[in-house]
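First the structure, in the form of structure tokens, and then the observations on it.
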Amino acid sequence: MLLLAAIELTYVFIISAGTFTTWPTWNANYNQLAEGFRAGHLYIPTEPQPALLAKANPADWSNFGLWYLDASLYKRHYYLYWGPVPALLLLVFKVVGRVKAEVGDQYPLFAFYSAFLIAGAILIERMRARLFPEAPRATALIATLAFAYTSPTTYMFATPGIYEAAIGAAQACLVLGLAVAFDLVWSATETRPRVARMLVAGSCWAAAVGCRISAVLPAAGLVCLTALLSSTRPRPDGRRLLMRLVWLGAPVAATLGGLAIYNRLRFDSWTEIGVKYQLNTFPFITSAKYVPVGIYSYLLRPLGKSCRFPFLSALYDIGARGFPRGTTLPSGYSTHEPQAGLFVTSPWTWMVFLAAGFTVAAVIRWRRAGAPSPLPDARARTHLWCVASFTMLSVLMPLVFLPAVDTTMRYVADFSTGFALLATWGAWRGLARLPAGWPRWSGVAVLLLLALATAAIGLLLGFQGYDEMFKYHNPALYESLRRKLAFCS
């Protein structure tokens, strides 16, 4: 609890630009959507300017100065393409608490990332206690520290807008569902499914879809995986498997149906979420040719370095300098947005290579030995679920944006959660497999160094964000740190 409180304090420090009391508002889009719902309609209260509506093509870039940026303009009203779940929760909060003041998006972002941290800490401790009971309890604290600062969490706090809040909300709901599903898989029985837990896990994953539609990919994968591994039968029983799929998947299916109706009421289409009508200067263009440079950017693009505080930064417009010598960037590819690779900013995630190695070796041994199904054994079954679940979180969300014409720092948060959790599993597996003669404390020391490096880089990136919020909202403290901590004149 003390560790979580200390981490939360650093989150408050960053989101308030070091003041603790004044939280700068980047935008208040969820508040706009919540107030629209309160008024009985699906569009936001802000109305398009008459001058914009008078244009022959309001979406043309030449009208940028008249836009409500990133809103979707349809039939003379502004709509938001972000999922409605955070706005609905905010509306409940405002109605119950009788709050009439505007609530900036920094508050939903902080609330969701706090839930994300707590759910992650619970999941990590359960993994240690049940799958790696021989690991020192301190290693769960080390892993939680690394999880809390895996990039780009603090970078998101430094730009607390709806873009970042939507991603954080989806990740929080996904991890909450994992924490519930972990117990479901661990305590599985041969016959009766734990219906209440299935509904709760499925509802968490459904809420993630309602926050960010691309979360439907990992949500669907987690539903299927958990249904398969929440039984101890050596061979899945078709009827019982179907029932578990229903209990876990019903909330997700209901949410997709609700979103389809929501889209129909707004845009006269079951599938249009508003991107088609979005007022944006950077259209979402995709092509397979961008995938290789996208993967490199999200994992390995270098950090900017300086002898002045905060020393590290995600660089804008890095161009060819951000790629290995001799790389030819695809035509049209943009490096305008700030980006630094996950393996560069979060050394803790290096442990995913251990996880991959141990998993491949285990599968090879299992196939060669003709071993029985792992489903009857709680520990083997839950190990399998953890590796597969965290891999899904790492791989499925990026499928949407990997082919995009550019990369951006906030999208790292769509897959860094899975990497951090898979790295944690790999770290514990590595600790358990230390060569004979190696003292355990040496392995723990390595993990601590990786976690501290991840936390240090994460905190430094929290002084940047997309618009250097700390610098502009607390210039006195920022300049004082620059003077006192500089390594050069």
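Key figures for this structure:
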| item | result |
| --- | --- |
| Residues of the range 272-311 with amide N under 20 Å of the 7 Å Cα→Cβ point at Leu452 | 311 |
| Lysines whose Cα lies under 22 Å from that of Lys471, excluding same-chain neighbours fewer than 8 positions away | Lys305, Lys484 |
| q = 0.17, 0.18, 0.24, 0.25 Å⁻¹: log10 I(q)/I(0) that the Debye formula gives for the range 430-483, counting C-alpha atoms only | -0.64, -0.67, -0.91, -0.95 |
| Bins of 10 Å from zero: percent of alpha-carbon pairs in the range 217-354 | 9, 21, 22, 26, 17, 4, 0 |
| Charged-residue dipole, Cβ positions (Lys, Arg, Asp, Glu), the range 217-287 about Cα centre, Debye nearest 20 | 340 |
| Ranked Ser214, Ser480, criterion: other C-beta atoms within 10 Å, fewest first | Ser480, Ser214 |
| Ratio Rg/Rh [Cα only; Rh per Kirkwood] for the range 294-426 | 1.09 |
| Estimated FRET transfer efficiency (Ile261, Lys305; beta-carbon r; R0 60 Å; 0.05) | 0.75 |
| For the chain, the fraction of alpha-carbon pairs in successive 20 Å shells from zero, as % | 22, 55, 21, 1 |
| P(r) weight above 13 Å for the range 201-260, C-alpha pairs, percent | 57 |
| Unit charges at the beta carbon, dipole of the chain: most positive-side option, Val412, Ser480, Ala451 | Ala451 |
| Stretchable slack from Glu134 to Ile285, in nm (0.36 nm times residue separation minus alpha-carbon distance) | 49.4 nm |
| C-alpha center-to-center spacing [the range 437-466, the range 185-206] in angstrom | 35 |
| Those chymotrypsin sites (Phe, Trp or Tyr not before Pro) in the range 257-303 that DSSP places in a loop and that have at most 16 other beta carbons within 10 Å | Trp270, Phe284 |
| For the chain, calculated [θ]222 nm from helices alone, where every DSSP H run of n ≥ 4 adds -39500 (n - 2.57) | -18500 deg cm²/dmol |
| Burial ordering of Thr417, Thr255, fewest other beta-carbon atoms within 10 Å first | Thr255, Thr417 |
| Hits among lysines - C-alpha to C-alpha of Lys55 under 17 Å, sequence gap 8 or more where chains match | Lys75 |
| Given charges at beta-carbon only (K, R positive; D, E negative), |dipole| of the chain in Debye | 1400 |
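Only the coordinates and a few stated rules stand behind these numbers; no lab work does. None of these values were measured; they are calculated from a predicted model. Quick reminder, even Gly has a Cβ in these numbers, built from the backbone with ideal geometry, and neighbours come from all protein chains shown.
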